[in-house]
Amino acid sequence: MSKYNVLIVGSGGREHALAWKVKQSQHVQNVFVAPGNAGTGMDATNVDLDPADHDAVIQFAKENNVGLVIVGPEAPLVAGLVDALTDAGLRAFGPSKAASELEGSKVFCKNLLRSADIPTADYRTFRSADDASRYIKDRFSEPTDPVNVVVKADGLAAGKGVVVCDTRSEALEAIDRIAARKEFGAAGKELIIEERLTGPEVSVLAITDGETIVTLPPAQDHKPANDGDTGPNTGGMGAYCPAPVLDEETLAKVESSILVPVVHAMKRSRRPFKGVLYAGLMLTPAGPKVLEFNVRFGDPECQPLLMRLKTDLVEVMQAVVDGKLEETGPLEFDPRPAICVVMASEGYPADYEKGHAITGIESADKMENVKVFHAGTQRVDGEVVNTGGRVLGVTAMGDSISAAKLQAYKAVREIRWQGAWCRKDISDKALATAAKA
Ligand code: AMP
Ligand code: GLY
């Protein structure tokens, strides 16, 4: 069997986890990550490429026996990197530009969900700040009236373009920021006002070639910065998998009433979806409803998911590229749960301090069933320093969720840099679910 090289595009914790997993494939010789971080530089080879420069990515892949390109983040997917690679005769895993609209435009996503009768919050779309404000003022007459709406910018806004509103003035302020002051730039050209839902949140990811759908075990993210789900929203402060909040029966319902119809609707609208389909769900009293779709692995959900995955990921991805997922057997997962605790820079999610030397990663990595995935790190003069808001994803597996949690936090305590912090309650929601049951 001749081996080939794999190129992973991106530089976060998700891409380090992908590189670590892909490296274990029997088909793979070298793993390149563009541009990568200090962690991918150790487990793979970093290449200094700008993912926005499609020609440079294509040229590198052609010159380096790259048999598969995996595009990690949403921005290059929405920009059409997979189309460019495919047109150049290369094999790329991830949805096309047209299919990535599912994440790139919340208006496209909501309209598709509505037309396919898929459960999601009621909504209206607006093209002007004035129309949106009038709608809010007509529905809620007093400035202090309690409201139950969520205001969302249409386009990509790094998770920041969503405002859950308690009062009328908060809703009007959100509309002003998104549609009048254009804080999120072109992402705010259109906006959505939707009904506010309640219930626990869960992420269900599936791999699909546009025909066959392979659902992965449910995971739970922790978006707010502080313990007890308080404080400002972040990219995700930790995740664990599987999430017991979604029982077998409800998962089957998610497949039949959400995942299958979305994949069919995408195919019908001539945007066949190939890649990772990520449903962000709220388990409402009326059943699971879609909050959003992402078109890639979640970060940090990817880290615990891939730590548990036993199947050769590259074989699965190649089957997706070939449209032959049907021929792949069921995925095999380690039965033990895994959790990922994100260690962040002082100040994150607002402005943060960079450039502090990090110690203890090696000793944490040596612990049993632990892997430290890097996100915002770089190697400078031989030292690993923090360069991003989310810096490391300390990931551990254990016989139970509490054992995995204990091991992950033990590893966290090995690691130090000035201002490092993390949430202390990652996965406690699982224990709360268990206590309820
Ligand atoms: P999104 O990026 O659309 O997933 O929104 C980010 C976060 O905002 C979600 O994880 C939810 O916590 C919250 N959110 C979004 N839409 C709603 C909704 N309709 N009702 C309640 N919370 C929501
Ligand atoms: N963990 C949330 C995301 O990747 O969007």
Within segment 286-323, restricting to residues that are within 23 Å of I118 (Cβ to Cβ) and small (G, A, S), the one that is surrounded by the fewest Cβ atoms within 10 Å (Cβ to Cβ) is A286
Pairs returned, first residue in segment 196-222 that is farther than 30 Å from E170 by Cα, second residue that is in a loop (DSSP other than H, G, I, E, B) and within 15 Å of ligand 2 (Cβ to nearest atom), beta-carbon separation under 6 angstrom, 6 or more apart or interchain, are V204/P218; L205/L216; P218/A243; A219/A243; A219/E301
Only unsatisfied item for T311, checking (1) more than 30 Å from K436 (Cα to Cα); (2) within 16 Å of ligand 1 (Cβ to nearest atom), is (2)
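Select, from V260, V214, V254, V204, the only residue that is out of contact with any His (no Cβ under 7 Å at 6 or more places or on another chain), within 16 Å of ligand 2 (Cβ to nearest atom), of a type in the set (V, I, T) and within 29 Å of G10 (Cβ to Cβ).
V204
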Residues of segment 159-186 being modelled with pLDDT of 85 or more and open to solvent by less than 20 Å² (accessible area, probe 1.4 Å), in sequence order, are C165, A171, A174, I175, I178
Only unsatisfied item for A279, checking (1) away from ligand 2 (no atom under 16 Å from the Cβ); (2) surrounded by 21 or more Cβ atoms within 10 Å (Cβ to Cβ), is (1)
In the set V78, V82, V28, the lone residue that is among the β-branched types (V, I, T) and within 16 Å of ligand 2 (Cβ to nearest atom) is V78
Of the residues in segment 228-262 that are in contact with an Asp or Glu (Cβ under 8 Å, 6 or more places away or on another chain) and away from ligand 1 (no atom under 16 Å from the Cβ), the one that is most open to solvent (accessible area, probe 1.4 Å) is P261
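How many residues does segment 316-336 hold that are in contact with a Lys or Arg (Cβ under 6 Å, 6 or more places away or on another chain) and acidic (D, E)? Spell out the reasoning first.
Residues of segment 316-336 that are in contact with a Lys or Arg (Cβ under 6 Å, 6 or more places away or on another chain), as a first pass: 320-321, 332-334.
With the extra rule that they be acidic (D, E), the set shrinks to 332, 334.
Number of matching residues: 2.
Within segment 263-273, identify whether any single residue is in contact (Cβ under 8 Å) with a residue 24 or more places away in the chain and within 14 Å of ligand 1 (Cβ to nearest atom), and answer yes or no. Break it down stepwise before answering.
Of segment 263-273, the ones in contact (Cβ under 8 Å) with a residue 24 or more places away in the chain are 263-267, 269-273.
If we keep only those that are within 14 Å of ligand 1 (Cβ to nearest atom) too, we end up with none.
No, that holds for no residue.
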Going through segment 106-127 in order, the residues found to be over 20 Å from L156 (Cβ atoms), of a type outside the set (A, V, I, L, M) and either in contact with a strand residue (DSSP E or B) (Cβ under 8 Å, 6 or more places away or on another chain) or open to solvent by less than 40 Å² (accessible area, probe 1.4 Å) (or both) are R114, P119, D122, R124
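The values are calculated or read from the model by the stated rules, or taken from the named source; none is laboratory data. Owing to the predicted nature of the structure, the values given are computational and were not obtained by experimental measurement. Cβ: placed from backbone, ideal geometry, glycine included. Neighbour counts: every protein chain shown. Heads up: the accessible areas ignore ligands, DNA and RNA and are worked out on the full protein's heavy atoms, side chains in. Shrake-Rupley method; radii C 1.70, N 1.55, O 1.52, S 1.80 Å.
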